[in-house]
Ligand code: GLP
């Protein structure tokens, strides 16, 4: 694992955006995996700025999002569909149809999961995955458990995750209880992984990730020990327990 500790959130976001832009300029038809949450907002802001300045062209890329809440309309401000358009897609020239997000509104979630896997299987070469990390180590919505799903599946969110995400909802009870997420196998198939984390709330899990020596399904992020190209970008607060 390569680790970068940046002075602050802006520097962290800049480094992540530079790495992504670098990947796209090397390979304009890169297949990327993208996250939601507060952590990547700065990275998306940087990428949007680079596009506006003519420094990066997104017209050839394909993106897969990690996850989506089940039951939120796509125009709901808390849906990950809305998030992606608001923070990134509306500001860059990605082609409509090249951005895949799991369907949290299907009447048949089993089919929705299979459909996402079919889309993932269309691309043999998956290039770069950007992800945040939950306070409990989740990647996407792969929550701590005795066994983890390999592929796209629905998940009952842990109370810890619902509480951590409640700040974005009017009422804590409005946080959906279920979500759809890419599984750990597909996450690991991306050739490069970038994990970003900022703030003191992430310090404990970052310490676990960077000092733990075991692969532990109760800390999904530790599965990245099995991957050979992981870069972790932190701000000083997230790195404060190292
Ligand atoms: C959410 C998302 C994850 C994200 C994590 C951290 O639950 N499903 O993909 O990485 O929580 O969120 P944040 O960046 O807001 O701390």
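The values are calculated or read from the model by the stated rules, or taken from the named source; none is laboratory data. Everything numeric here is computed off the predicted structure, so don't read it as measured data. Every residue, glycine among them, receives a Cβ derived from its backbone with ideal geometry; neighbour counts consider all protein chains shown.
Here residue 216 fulfils each of the conditions (1) part of a loop (DSSP other than H, G, I, E, B); (2) touching a residue at least 12 places away in the same chain (Cβ under 8 Å); (3) away from the ligand (no atom under 14 Å from the Cβ); (4) within 21 Å of residue 158 (Cβ to Cβ) apart from (2).
Among the residues in region 118-129, are any over 14 Å from residue 223 (Cα atoms), out of contact with any helix residue (DSSP H, G or I) (no Cβ under 6 Å at 6 or more places or on another chain) and within 15 Å of the ligand (Cβ to nearest atom)? Yes - at least one qualifying residue is present in region 118-129. The set of residues in region 24-56 being more than 16 Å from the ligand (Cβ to nearest atom), closer than 26 Å to residue 152 by Cα and either surrounded by fewer than 17 Cβ atoms within 10 Å (Cβ to Cβ) or at pLDDT below 95 (or both) consists of 29 alone.
Here the condition is being crowded, with 18+ Cβ neighbours inside 10 Å and in contact with a helix residue (DSSP H, G or I) (Cβ under 9 Å, 6 or more places away or on another chain); of 21, 112, it holds for 21 alone. The residues on offer are 24, 94, and the sole one that is closer than 23 Å to residue 196 by Cα and in a loop (DSSP other than H, G, I, E, B) is 94.
Would it be correct to say that residue 71 is within 16 Å of the ligand (Cβ to nearest atom), surrounded by fewer than 22 Cβ atoms within 10 Å (Cβ to Cβ) and either touching a residue at least 40 places away in the same chain (Cβ under 8 Å) or under 30 Å from residue 212 (Cα atoms) (or both)?
Working: within 16 Å of the ligand (Cβ to nearest atom): yes; surrounded by fewer than 22 Cβ atoms within 10 Å (Cβ to Cβ): yes; either touching a residue at least 40 places away in the same chain (Cβ under 8 Å) or under 30 Å from residue 212 (Cα atoms) (or both): yes.
Yes; evaluated as a whole, the condition is true for this residue.
Just to be sure, is residue 196 in contact with a strand residue (DSSP E or B) (Cβ under 6 Å, 6 or more places away or on another chain), outside any loop (DSSP other than H, G, I, E, B) and either closer than 22 Å to residue 63 by Cβ or touching a residue at least 60 places away in the same chain (Cβ under 8 Å) (or both)? I'd like the intermediate steps shown before the answer.
Working: in contact with a strand residue (DSSP E or B) (Cβ under 6 Å, 6 or more places away or on another chain): yes; outside any loop (DSSP other than H, G, I, E, B): yes; either closer than 22 Å to residue 63 by Cβ or touching a residue at least 60 places away in the same chain (Cβ under 8 Å) (or both): yes.
Judged against the criteria, residue 196 is a match.
Residues in region 165-177 that are in a helix (DSSP H, G or I) and either away from the ligand (no atom under 11 Å from the Cβ) or in contact with a helix residue (DSSP H, G or I) (Cβ under 8 Å, 6 or more places away or on another chain) (or both): 166, 172, 173, 174. Going residue by residue through region 147-154, is there one that turns out to be within 16 Å of the ligand (Cβ to nearest atom), farther than 16 Å from residue 188 by Cα and not in a loop (DSSP other than H, G, I, E, B)? Within region 147-154, one or more residues are within 16 Å of the ligand (Cβ to nearest atom), farther than 16 Å from residue 188 by Cα and not in a loop (DSSP other than H, G, I, E, B). Tell me which residues, restricted to region 188-213, are more than 13 Å from the ligand (Cβ to nearest atom) and more than 15 Å from residue 136 (Cβ to Cβ). Answer for region 188-213, where residues must be more than 13 Å from the ligand (Cβ to nearest atom) and more than 15 Å from residue 136 (Cβ to Cβ): 188, 189, 190, 191, 192, 210, 211, 213.
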